[in-house]
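Encoded as structure tokens, the structure appears first; notes follow it.
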Amino acid sequence: MKMITTYITALAFLFLTSCKKEKTDIQPGDKGELTVEFDNVVGAQNLQLNTATYTNAAGEPYKITMLNYYISNIVLVAADGSRYTVPKDSSYFLIKEEDVATQEVTLKDIPAGDYKGIEFVIGVDSLKNTAAVGERTGCLDPAAGGSGMYWTWNSGYIFLKMEGTSDVATSADKKFRYHIGGFGGYSSATINNIKKVSLTAAGTDVAKVRKNKTTPPTFHLMADASKVLNGTTNVSIAANTTVMFATYSVNIANNYASMFTIDHIHND
Amino acid sequence: MIQSGPVKAVMVITGMVLLAAACTKSKDGAGPTPMPLNIPSNFPALVYDTASNPVTKEGFELGRKLFYDPLLSRNNTISCGSCHIQGSAFTHHGHDVSHGIDDKLGTRNSPPVMNLAWSRFFFWDGGVFNLDLQPIAPIQNPVEMDEQVPNVIMKLKENSTYRKLFKKAFGTEEISSAALFKALSQFMLQCISANSRYDRFVRNEGVQLTNEELEGRTIFQQKCASCHSTDLFTDNDFHNNGLVPSMVNDKGRFLITLNESDLYKFKTPSLRNIAQTAPYMHDGRFYTLMAVLDHYSNGITDSPTLDSRLKTNGIPGIALTAEEKTKLVAFLNTLTDDEFIRDPKLAEQ
């Protein structure tokens with residue numbers, strides 16, 4: 001009996017200490033890292049470039065050969081509702097399906113805390129679209145990291161680029177090309193396809209950002225490429241084989257605005 | 001006043017020290033030599049932000065070398081200077097549209113490289129709004145130079161002469177796209193044309209225009225200057241000037257704004273050096289200035305976006321007699337700037 005009492009006391013002590021620890025494992029000013037993983041899928045399947053054949057809502061078969069998109073202006077939302085805006089210049093990323101290294105984005109110097117949501121822009125904001133050439137570095141350098149994601153003749157970034165093949169495509173090479181951009185115009189108003197996304201993790205899971213954590217927590221996002229074609233407007237590849245800087249692109253941007261979800265959170 | 005020996009000696013020594021210090025300064029690479037733009041007194045305010053890219057002798061010379069270097073094209077055959085020839089005020093004289101790489105043809109007439117520091121927009125449709133971002137378009141256009149800028153940077157990095165020139169201009173051998181574009185801008189910014197007979201006349205520099213030229217100027221001010229305004233002879237804006245769309249059906253500014261009110265509008269070109277830059281219009285359809293004036297008097301086609309100033313009492317066209325046209329051409333010829341088109345500083349070295 002005495003042993004049991006001791007055991008219970010020990011357990012209670014452990015429990016209490018662990019509670020105490022939980023409350024004090026964040027010191028004021030602590031900072032840590034958070035990873036955001038962009039996992040491109042098509043419906044319930046992992047995206048397979050070049051090989052897998054998918055079917056869109058219009059009933060047309062297609063393969064995807066390229067999927068690139070910009071993510072920028074990231075804001076993290078804590079469980080208590082407070083928000084942390086990632087500094088602008090550490091907040092531009094180009095995700096490419098063909099380059100695995102681009103699919104995990106690690107945000108540094110994040111105030112320690114429990115995060116359950118993320119907001120970002122699909123694309124590049126208008127200020128960066130009109131910035132001086134010296135301020136366009138890394139993935140925003142139209143002549144290096146951002147090459148192929150920039151309209152040279154109509155200055156502006158391509159926010160999302162999806163290309164592929166389909167038997168119903170009307171182009172000579174049977175390729176469809178969706179190059180979606182448009183930041184609203186420099187001096188005269190034109191299409192604005194800047195899309196803000198606000199995601200919250202389901203359930204009670206939170207990403208615990210802590211100082212000196214060996215493996216940072218991860219928001220595992222899924223980006224459903226089928227939603228580029230399916231949504232408010234079901235895009236027919238036969239009817240719209242090529243969509244670039246044109247008013248129809250607004251339909252595609254409205255579709256892909258809902259392609260992201262937080263699938264789950266890893267904390268180790 | 002007679003100076004004593006020791007004072008003189010001190011002065012000489014001070015002078016030597018200063019000189020030595022000056023030498024050391026430049027040897028240490030205290031930076032490139034400033035080469036500020038020479039701003040003509042009859043021009044409006046500068047548009048380009050020179051503070052973001054101060055022009056220097058070294059940057060300008062590097063830009064000039066790049067401008068004339070076919071290395072910027074896919075197969076090293078076409079340079080910027082191929083279609084922008086100095087003697088034609090940096091246009092492609094005699095070509096309605098230019099032939100680029102592999103003799104492929106574009107759809108628009110090569111515009112002059114001049115007074116770009118005062119330009120708010122580039123290209124006939126104004127799709128590019130910053131001079132530093134302009135060169136990417138011709139370099140990467142499949143019918144112009146058909147090269148990728150990352151390849152250009154690679155070719156430049158392999159070239160020890162360029163590495164040295166970039167270091168002299170920008171302080172580092174690390175050749176970035178920003179440095180490449182800034183150097184090209186520095187050359188283009190220095191392409192200032194402001195010494196025509198007209199300029200010397202309006203600046204009272206001892207040049208008198210003939211009566212015919214002065215009468216032409218008066219007609220110009222009444223009938224042309226609302227679009228071809230200021231001493232840049234452009235309002236930097238876009239207008240539909242009543243050209244019948246060609247087979248190409250180039251929709252002009254609409255391609256940039258997707259706004260139907262911009263259909264078939266093109267940027268007002270400057271008229272400086274106009275005698276040197278035939279053929280005329282965005283697609284080079286008119287070979288002579290008289291053909292252009294005939295268009296404005298008799299050839300204007302009405303359409304929903306036609307500029308209202310090109311109608312007289314609801315009828316398309318600007319009233320111009322044959323005599324007025326002759327006087328206008330005489331005036332336009334005063335805008336030729338021989339100094340600019342022969343300036344050895346702007347020529348391929």
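Can you say whether A:GLY146 is assigned to a loop (DSSP other than H, G, I, E, B), in contact with a Lys or Arg (Cβ under 8 Å, 6 or more places away or on another chain) and buried (at least 21 other Cβ atoms within 10 Å of the Cβ), as far as the supplied structure shows?
yes
Just give me the residues in the range B:66-112 being touching a Phe, Trp or Tyr at 6+ places or on another chain (Cβ under 6 Å), closer than 23 Å to B:VAL292 by Cβ and free of Cβ contacts under 8 Å to residues at least 40 places away in the same chain, in sequence order. Before you say what the answer is, go through the steps one by one.
Residues of the range B:66-112 that are touching a Phe, Trp or Tyr at 6+ places or on another chain (Cβ under 6 Å), as a first pass: B:67, B:79-81, B:84, B:108, B:112.
Subset that is closer than 23 Å to B:VAL292 by Cβ: B:84, B:108, B:112.
Selection gives B:HIS84 alone.
Give the residues of the range A:191-205 that are more than 7 Å from chain B (Cβ to nearest Cβ), among the aliphatic types (A, V, I, L, M) and assigned to a loop (DSSP other than H, G, I, E, B), sorted by residue number. So that I can check it myself, show each step before the final result.
The first filter runs over the range A:191-205 and keeps only residues more than 7 Å from chain B (Cβ to nearest Cβ), leaving A:192-205.
Filter once more, keeping what is among the aliphatic types (A, V, I, L, M): A:194, A:197, A:199, A:201-202.
Hits for the range A:191-205 are A:ILE194, A:ALA201, A:ALA202.
How many residues are within 23 Å of the chain's Cα centre (by Cα) and either surrounded by fewer than 16 Cβ atoms within 10 Å (Cβ to Cβ) or more than 14 Å from B:ARG64 (Cβ to Cβ) (or both) when one looks only at the range B:153-187? Please lay out each step first, then the result.
Initial filter on the range B:153-187 (within 23 Å of the chain's Cα centre (by Cα)): B:169, B:177-187.
With either surrounded by fewer than 16 Cβ atoms within 10 Å (Cβ to Cβ) or more than 14 Å from B:ARG64 (Cβ to Cβ) (or both) added as a condition, the list becomes B:177-179, B:181.
Total satisfying the criteria: 4.
Could you pull out the residue among A:SER188, A:SER171 that is away from chain B (no Cβ under 14 Å) and part of a loop (DSSP other than H, G, I, E, B)?
On the way: A:SER188 fails: away from chain B (no Cβ under 14 Å).
Of the residues listed, the single one that is away from chain B (no Cβ under 14 Å) and part of a loop (DSSP other than H, G, I, E, B) is A:SER171.
Considering the range B:253-288 alone, what residues qualify as being over 20 Å from the mean Cα position of the chain (by Cα) and assigned to a helix (DSSP H, G or I)?
To start, the set of residues in the range B:253-288 that are over 20 Å from the mean Cα position of the chain (by Cα) comprises B:254-265, B:285-288.
Residues satisfying the conditions are B:PHE254, B:LEU255, B:ILE256, B:THR257, B:GLU260, B:SER261, B:ASP262.
Just to check your reading of the model, which residue among B:LEU293, B:LEU328, B:LEU320, B:LEU263 is modelled with pLDDT of 95 or more and closer than 26 Å to B:ARG120 by Cα?
Values: B:LEU293 fails: closer than 26 Å to B:ARG120 by Cα; B:LEU328 fails: closer than 26 Å to B:ARG120 by Cα; B:LEU320 fails: closer than 26 Å to B:ARG120 by Cα.
From the options B:LEU293, B:LEU328, B:LEU320, B:LEU263, the qualifying one is B:LEU263.
Taking the residues in the range A:228-246 that are within 15 Å of A:PHE159 (Cα to Cα) and either in contact with a Leu (Cβ under 8 Å, 6 or more places away or on another chain) or in a helix (DSSP H, G or I) (or both) as candidates, determine which candidate is farthest from the other protein chains (Cβ to nearest Cβ).
The selected residue is A:VAL228.
Need at least 2 residues that are more than 12 Å from the chain's Cα centre (by Cα) per element, so show me which strands (runs of 3 or more DSSP E) inside the range A:52-142 make the cut, counting only ones lying wholly within it. Give the steps one after another, and end with the answer.
Working: elements: A:61-78, A:83-85, A:92-96, A:104-111, A:113-122.
The qualifying strands (runs of 3 or more DSSP E) are A:61-78, A:83-85, A:104-111, A:113-122.
Determine whether the range B:98-107 contains at least one residue that is out of contact with any Cys (no Cβ under 6 Å at 6 or more places or on another chain), modelled with pLDDT of 90 or more and crowded, with 19+ Cβ neighbours inside 10 Å. Lay out the reasoning, then the answer.
Initial filter on the range B:98-107 (out of contact with any Cys (no Cβ under 6 Å at 6 or more places or on another chain)): B:99-107.
Next, from what is left, pick out any that are modelled with pLDDT of 90 or more: none.
No, the range B:98-107 contains no residue that is out of contact with any Cys (no Cβ under 6 Å at 6 or more places or on another chain), modelled with pLDDT of 90 or more and crowded, with 19+ Cβ neighbours inside 10 Å.
What number of residues in the range A:247-268 are more than 14 Å from every other protein chain (Cβ to nearest Cβ) and either within 24 Å of A:ALA172 (Cβ to Cβ) or in contact with a strand residue (DSSP E or B) (Cβ under 7 Å, 6 or more places away or on another chain) (or both)?
Adding up the residues that qualify gives 12.
Could you check the range B:193-209 and list, in sequence order, the residues that are touching a residue at least 24 places away in the same chain (Cβ under 8 Å) and either within 14 Å of chain A (Cβ to nearest Cβ) or touching a helix residue (DSSP H, G or I) at 6+ places or on another chain (Cβ under 7 Å) (or both)? Talk me through it step by step, then tell me what you get.
Filtering the range B:193-209 down to residues touching a residue at least 24 places away in the same chain (Cβ under 8 Å) leaves B:193-199, B:201-203, B:209.
Answer for the range B:193-209, where residues must be touching a residue at least 24 places away in the same chain (Cβ under 8 Å) and either within 14 Å of chain A (Cβ to nearest Cβ) or touching a helix residue (DSSP H, G or I) at 6+ places or on another chain (Cβ under 7 Å) (or both): B:SER193, B:ASN195, B:LEU209.
Taking only the range A:181-196 into account, find how many residues are within 19 Å of the chain's Cα centre (by Cα) and buried (at least 19 other Cβ atoms within 10 Å of the Cβ).
Total meeting the criteria: 6.
Given the options B:PRO316, B:PRO304, B:PRO279, name the one that is closer than 30 Å to A:PHE183 by Cβ and in contact (Cβ under 8 Å) with a residue 12 or more places away in the chain. Don't jump to the end; show me each part of the working.
Details: B:PRO316 fails: closer than 30 Å to A:PHE183 by Cβ; B:PRO279 fails: closer than 30 Å to A:PHE183 by Cβ.
Answer to the check: B:PRO304.
Kindly provide the set of residues from the range B:58-73 that are of a type outside the set (Lys, Arg) and either part of a helix (DSSP H, G or I) or surrounded by 20 or more Cβ atoms within 10 Å (Cβ to Cβ) (or both), ordered by number. Step through it out loud before you land on a result.
Narrowing the range B:58-73 to residues of a type outside the set (Lys, Arg): B:58-63, B:66-73.
Across the range B:58-73, the qualifying residues are B:GLU58, B:GLY59, B:PHE60, B:GLU61, B:LEU62, B:GLY63, B:LEU66, B:PHE67, B:PRO70, B:LEU71, B:LEU72, B:SER73.
Check A:ALA112, A:ALA79, A:ALA143 and return the single one that is within 14 Å of chain B (Cβ to nearest Cβ) and farther than 23 Å from A:TYR256 by Cβ. Walk me through it before giving the result.
Values: A:ALA112 fails: within 14 Å of chain B (Cβ to nearest Cβ); A:ALA79 fails: within 14 Å of chain B (Cβ to nearest Cβ).
Step by step, each of A:ALA112, A:ALA79, A:ALA143 is checked, and only A:ALA143 is within 14 Å of chain B (Cβ to nearest Cβ) and farther than 23 Å from A:TYR256 by Cβ.
Can you tell me which residues in the range B:127-186 are farther than 15 Å from B:ASN76 by Cα, among the charged types (D, E, K, R), in a helix (DSSP H, G or I) and more than 11 Å from chain A (Cβ to nearest Cβ)?
B:LYS157, B:ARG163, B:LYS164, B:LYS167, B:LYS168
The values are calculated or read from the model by the stated rules, or taken from the named source; none is laboratory data. Quantities reported herein were computed from a predicted structural model and do not represent experimental measurements. So basically every Cβ, Gly included, is an ideal-geometry build from the backbone, and we count neighbours across all protein chains shown.
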